1. Fully extended, how many nm does the chain gain between Trp77 and Asp27 (0.36 nm per residue separation, minus their Cα-Cα distance)?
2. To the nearest 500 deg cm²/dmol, what mean residue ellipticity at 222 nm is calculated for the chain from DSSP H runs of n ≥ 4 alone, each contributing -39,500 (n - 2.57), summed and divided by the residues?
3. What lysines sit close enough to Lys33 to cross-link, taking a C-alpha to C-alpha distance under 16 Å and skipping anything fewer than 8 places away on the same chain?
4. Answer with one residue from Tyr94, Gly60, Ala2: the one whose Cα lies farthest towards the positive end of the charge dipole of the chain, charges on Cβ with Lys, Arg +1 and Asp, Glu -1.
5. Taking 0.36 nm per residue of separation and subtracting the Cα-Cα distance, what length does fully extending Ser93 through Lys59 add?
6. If we count every other residue with Cβ under 11 angstrom of Trp32's Cβ, Lys/Arg +1 and Asp/Glu -1, where does the sum land?
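Throughout, read-outs are computed from the coordinates displayed, never taken from laboratory work. Everything numeric here is computed off the predicted structure, so don't read it as measured data. Counting neighbours? That spans all protein chains shown, and the Cβs are built from the backbone with ideal geometry, glycine included.
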Amino acid sequence: MASINRRGNSYLLRVSNGYSVEGKQVDSTRTWKVPEGMTDRQAEKEALRLVVLFEEEVKGGATSCGTVKFDMFFTQWFSEYADLTVKAGTMRSYRSREKRIRAEIGISALTKLRLGTYSGLW
């Protein structure tokens, strides 16, 4: 579901993007600044058009959110990639480490992870 809030000379576009593993609602937001010379009615119509496009973008997975948690990425990676391309023995190895990895870095944002920091988990 999308919403629009006017904030002075801009609009805040907000789209719900499901729920996190903690059960909290995940919202994606975007701010659109009204160009000079546009009337209030034109700006409102344009904001409605943009929020529909933004909602399609979010639902299609095209937006990248800097706060995506490793746990959400890990779940998606297993279902969309590993289950389809990784051999059975390797999958058993990955699954045996899954609980420990999720406990250690599952709540970390992907943007905060650094190469080599968690090398002992693998």
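1. Here the segment from Trp77 to Asp27 would lengthen by 15.9 nm.
2. Calculated from helices alone, the mean residue ellipticity at 222 nm is -12500 deg cm²/dmol.
3. Within reach: Lys45.
4. The residue sitting farthest along the positive end of the dipole is Tyr94.
5. Separation in residues times 0.36 nm, less the Cα-Cα distance, equals 9.0 nm.
6. +4
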